[in-house]
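The values are calculated or read from the model by the stated rules, or taken from the named source; none is laboratory data. Small disclaimer: the values here were computed from a predicted structure and weren't measured. Glycine gets a Cβ as well: all are built from the backbone with ideal geometry, and neighbour counts include every protein chain shown.
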Amino acid sequence: MSVWRGLHSSLLHLPAINLRSNQFSLRLAFYMRRIYNTLRCRQLSGLGSVPRLSVAVSVLCFLAASGGCATVSVYEPSSAEISLTAEQSELHKAADAYCEAARKKSLATGEANLGALAGILTGKTDDRNAYWRKIGADRSAPATVVSRVRADMNDSAKGLIDLSTMAQSMMGKTQPTKSDVTQFELAVIHAKQARDSFSDALMEVNKRSNREYQVALELTPLDEALARARTTADELASARALDDAPKSS
């Protein structure tokens, strides 16, 4: 029951997020993944399992919280903003590069579908191209794997911090475009997925290592970068919404 209460509490205290219809499944996948990882850690620690019904109810709590607390953004980048590459801001380009780097390392896909969501809920996910497989977390020396995870994680955290700094600087000089907001939020999604990949790799190592690595502690730099990036994403969206608001005469 304590695990269920923890899951329920974490879902009810999700930070306010700006959602678009085409990003909702990505965010839902992220929080479902967090629930799955919590259950997996519990099982690996020998503490038993939690009924899947609890997981399903947790997801329903997320849906209710999203509907009641989240700000649903109704704007999308115009085709002109997306197609005119020459007019893309440095923030947009940097965020796009961040996403591409995460995908190349197999840390993130930036995509989610109903099949993937079902796989996360049941625990039957397709991990053939998973990051932990790519770096040999299931077969290489634990210390070697952890060093690789730490290096990649620190790169991801630094890149996200740089993006947040760039976004803050932009807002001090000019209004962000709709495309800027969307691309920055996509970078945050990639970072969240990367965190899951690092967590999976460390949990694979813990299956074989004599020393148990503390996943949450190891990923603290990225968690801190994500917290700042979420705040920055909200500020970008607010700045854009203010710019879009009808001007009083």
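So here's what we get for this one:
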| read-out | value |
| --- | --- |
| Residue check, Glu185 in contact with a Phe, Trp or Tyr (Cβ under 7 Å, 6 or more places away or on another chain) and either in contact (Cβ under 8 Å) with a residue 12 or more places away in the chain or buried (at least 16 other Cβ atoms within 10 Å of the Cβ) (or both) | no |
| Residue check, Lys178 on the phi < 0 side of the Ramachandran plot, of a type outside the set (A, V, I, L, M) and out of contact with any helix residue (DSSP H, G or I) (no Cβ under 7 Å at 6 or more places or on another chain) | no |
| Test: residue in the stretch 152-174 that is surrounded by 13 or more Cβ atoms within 10 Å (Cβ to Cβ), at pLDDT below 95 and β-branched (Val, Ile, Thr) | no |
| Hits in the stretch 126-149 - residues which are of a type outside the set (Gly, Ala, Ser), surrounded by 16 or more Cβ atoms within 10 Å (Cβ to Cβ) and in contact with a helix residue (DSSP H, G or I) (Cβ under 7 Å, 6 or more places away or on another chain) | Tyr131, Trp132, Ile135, Pro142, Val145, Val146, Val149 |
| Every pair of residues 6+ apart whose Cβ atoms lie under 7 Å, when the first sits in the stretch 134-161 and is under 30 Å from Ala233 (Cα atoms) while the second is part of a loop (DSSP other than H, G, I, E, B) and basic (Lys, Arg) | Asp152/Lys105 |
| Answer from Ala239, Ala201 - the residue that is at pLDDT below 95 and of a type in the set (A, V, I, L, M, F, W, C) | Ala239 |
| Hits in the stretch 202-217 (condition: buried (at least 17 other Cβ atoms within 10 Å of the Cβ) and either among the acidic types (Asp, Glu) or under 15 Å from Asn154 (Cα atoms) (or both)) | Leu202, Glu204, Val215 |
| Some residue of the stretch 197-215 being touching a Pro at 6+ places or on another chain (Cβ under 7 Å), in contact (Cβ under 8 Å) with a residue 24 or more places away in the chain, within 30 Å of Ser140 (Cβ to Cβ) and not in a helix (DSSP H, G or I) | yes |
